[in-house]
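Here's the structure, in structure tokens; my notes come after.
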Amino acid sequence: MKTCERLVQCAHFNPTSPVSLLSHSYCELLENKRSISGSSTACVLILNRENSTLYTANIGDSGFIVVRGGQIVHRSEEQQHYFNTPFQLSLPPPGLDNVLSDRPESADTMNFPVEKGDIILVATDGVFDNVPMKLLVDTLSEVEGEADPVKLQMCANSIALIARSLSFDSDFMSPFSINARRNNINTMGGKPDDITVVLASVVI
């Protein structure tokens, strides 16, 4: 994401193609002479104010939702090879070329119009696996149309804390547990995982 940020700040990107931005950033890391190993899902959104259109690229089980009028009007599609094994961009250590890895071009891409006051939530699976969608929407609806960054940050913090609390609740039928049971895995409770929340209000 730091590479994505730098490319955007240098204006070296296509404002209608977040997947190209993701691809260029990934290629830079592959060509980096420093030893960097690991894997990650990714979700990149670009708001084009000239045509009030949001362009998205999502790979893996991070994702986004757009809330308007207390309803989800747009959402990303989760990408999984199989249950609990999301698509991901990988930088394997030398000699481990057979690890699971996907290309940025495999990202699910969308574009759609947005309206002033729409709330956009971008988050990792630590949020979506633990916080029921209704609770997320109810929480986000409280800041619909809000442009105050302090209030938006407070809402983002609240969502992160809710996700963290539920992830350690062993008696909670979490979204992750529901999906696990659909895959014949009898489990209960939340799923401790990375939790990242980015919240924005559309201002056009």
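Do the sum for the chain: with -39,500 (n - 2.57) for every DSSP H run of n ≥ 4, divided by all residues, what is the mean residue ellipticity at 222 nm, to the nearest 500 deg cm²/dmol?
After summing the helix terms and dividing by the residues of the chain, the value is -9000 deg cm²/dmol.
Per 0.36 nm of contour for each residue apart, how much would the distance between LEU100 and ASP194 grow if the chain were fully extended, relative to their Cα-Cα spacing?
31.9 nm
Using Cα-Cα distances under 8 Å and only pairs 6 or more residues apart, what relative contact order does segment 105-162 have, in percent?
39
HN-Hα J couplings of segment 185-192 from phi, Karplus 6.51/-1.76/1.60, θ = phi - 60°, integer Hz, Gly and Pro as x?
So the J values, rounded to whole Hz, are 10, 7, 9, 8, x, x, 10, x.
Are there trypsin sites (Lys or Arg not before Pro) in segment 1-57 that DSSP puts in a loop and that have at most 16 other Cβ atoms within 10 Å, and which ones?
The qualifying sites are LYS33, ARG34, ARG49.
Given the options PRO15, PRO149, PRO192, state which has the largest fluctuation in a GNM of the chain using a 10 Å cut-off (strictly under) for Cα springs.
PRO149
Can you grab the distance from the C-alpha centre of segment 96-120 to the C-alpha centre of segment 1-69, Å, no decimals?
With segment 96-120 and segment 1-69 each reduced to a Cα centre, they are spaced 8 Å.
In whole Hz, what ³J(HN,Hα) sequence does segment 116-127 give by Karplus (6.51, -1.76, 1.60; θ = phi - 60°), x for Gly and Pro?
Listing the rounded values in order: 4, x, 4, 9, 10, 10, 10, 8, 8, 5, x, 8 Hz.
Using the Karplus curve 6.51 cos²θ - 1.76 cosθ + 1.60 with θ = phi - 60°, what ³J(HN,Hα) values do you get for each residue of segment 91-105, in whole Hz, with x for Gly and Pro?
Working through the residues one at a time gives 10, x, x, x, x, 10, 7, 9, 6, 5, 8, 10, 9, x, 5 Hz.
Once amide H atoms are placed 1.01 Å from N in the peptide plane, what residues at a sequence separation of 5 or more from THR196, or on another chain, have their amide H within under 5 Å of its amide H?
THR124, GLY126, VAL127
The numbers here are math on the coordinates, done by the rules we state, and not lab data. These numbers come from a predicted model, not from an experiment. Please note: Cβ atoms are built from the backbone with ideal geometry, for glycine as well, and neighbour counts cover all protein chains shown.
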